Amino acid sequence: MSDRLCLVTGASSGIGFETARGLAREGERVLILGRDEERTAQAATKIYEESRAEVIPLVADLSSQKEISSLAAQLRLKYSKLDLLVNNAGAVFPQRRLSGDGIEMTFALNHLSYFLLTRELEGLLRAAAPSRIVNVASAMHARARFDIEDLQCEKLYRPWDAYARSKYANLLYNFELSRRLEGSGVSTNAAHPGLVNSRIAVSGELGFWGRLFFRLFGKSEQNGARCSLYLSSSSEVEGKSGGYYSDCQETESHPGTRNPETALRLWEISEELCKEES
């Protein structure tokens, strides 16, 4: 059994579940975080029964800044280090809606949860160095009509446009986070899971033909987790940071996602929107 402690968000189902499952099979100690208590407990039990690894279920709504901060405070009290954080939780919302903090839900969950949870757990990650952060992004970022002044899609809301915009933000964040963590022993990289036949793929407004397309041509959730697992464990990426990976190979993201001025502006906006104190 490994002494590494790993946290995977959005792990009660889908790619997150398969990522946690893969880590447990490698003998890692895994904290799996979900929003639904029953489903998260069932996922933890299933992983434990298969691997006999230490699997601990955690429950929090990651669209809520208060719940993120409360969870992080509990983890800081219980653990002295965190070797791996996989920011995986995400969703597509058919209609524009606001979180309890008054923030558009796609942006709140798909980007701000990454930003705030990582900020809250940075001390534990630094204590475990060399440690890793994996941010699950998407090739859909390249389709984003990214507007740094309209991150919450107030002008016009379309579900998959909002999703693409949030994934673009993930890559800007990954780039700036890598710069800020340079020399700390904490690396951060972003993963594109590929076209996956998962719950998120059939949500939103895909319709019958869209769902059929994903069912016929999408990869399994297990295969979708391969890149996250590669970035979590492979010696090939030891010490590498700030990269974007697809099919376990480093690849180029949209050039705009590496614009330092935009990345810094996104960071500043994210700080302003995260009201909870560390």
* Asked: Probe 1.4 Å, all protein chains in place: accessible area of residue 106 in Å², nearest 10?
  -> 0
* Asked: Given H placed 1.01 Å from N in the peptide plane, which residues other than close sequence neighbours of residue 31 have an amide H under 5 Å from its amide H?
  -> 6, 7, 8, 56
* Roughly to the nearest percent, how much of the accessible area of the chain is carbon and sulfur, given a 1.4 Å probe? -> 48
* Just one of [x] 119; [y] 161; [z] 134 is volume of the Cα convex hull per residue in Å³ as worked out from the coordinates here. Which one is it? -> [x]
* Asked: Ranked highest first by the average count of other Cβ atoms within 10 Å around their residues, in what order do 229-241, 167-179, 27-39 fall?
  -> 167-179, 27-39, 229-241
* Remind me, relative contact order of segment 41-124 in percent, using alpha carbon pairs under 8 angstrom and six or more residues apart? -> 33
* To do: At 0.36 nm per residue, minus the direct Cα-Cα distance, what do residue 3 and residue 54 gain on full extension? Give it in nm, one decimal, please.
  => 17.3 nm
* Structure fact -> Spelling it out for residue 190: with amide H atoms placed in the peptide plane at 1.01 Å from N, the residues 5 or more places away or on another chain with amide H under 5 Å from its amide H are 135, 243, 244, 245
* **MRE, 222 nm, helices only [DSSP H, n ≥ 4, -39500 (n - 2.57), over the chain, to nearest 500]** => -13000 deg cm²/dmol
* Structure fact -> Note, segment 88-103: 3J(HN,Hα) by Karplus (6.51, -1.76, 1.60, θ = phi - 60°), whole Hz, Gly/Pro = x, goes 10, 4, x, 7, 10, 10, x, 10, 5, 9, 10, 6, x, 8, x, 10
* Structure fact -> Scalar couplings 3J(HN,Hα) for segment 12-22 by Karplus 6.51 cos²θ - 1.76 cosθ + 1.60 (θ = phi - 60°), nearest whole Hz, x for Gly and Pro, are 7, 7, x, 4, x, 4, 5, 5, 4, 4, x
* Asked: Roughly what would the spin-label model give for residue 80 and residue 264, points 7 Å off Cα along C-beta, in nm?
  -> 3.8
* Segment residue 271-residue 184, extension gain: residue separation times 0.36 nm, minus the distance between their alpha carbons -> 29.2 nm
* **Residue-span extension gain [residue 142 to residue 234] - 0.36 nm each, minus C-alpha spacing** => 30.5 nm
* **Exposure rank, largest accessible area first [120, 26, 182; 1.4 Å]** => 182, 26, 120
* To do: Determine the per residue accessible area of the chain with all protein chains present and a 1.4 angstrom probe, expressed in square angstrom.
  => 45
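The values are calculated or read from the model by the stated rules, or taken from the named source; none is laboratory data. Nothing here was measured: the structure is a model prediction, and the numbers come from that model. Positions of Cβ are backbone-derived with ideal geometry, glycine not excepted, and every protein chain shown enters the neighbour counts. Heads up: the accessible areas ignore ligands, DNA and RNA and are worked out on the full protein's heavy atoms, side chains in. Shrake-Rupley method; radii C 1.70, N 1.55, O 1.52, S 1.80 Å.
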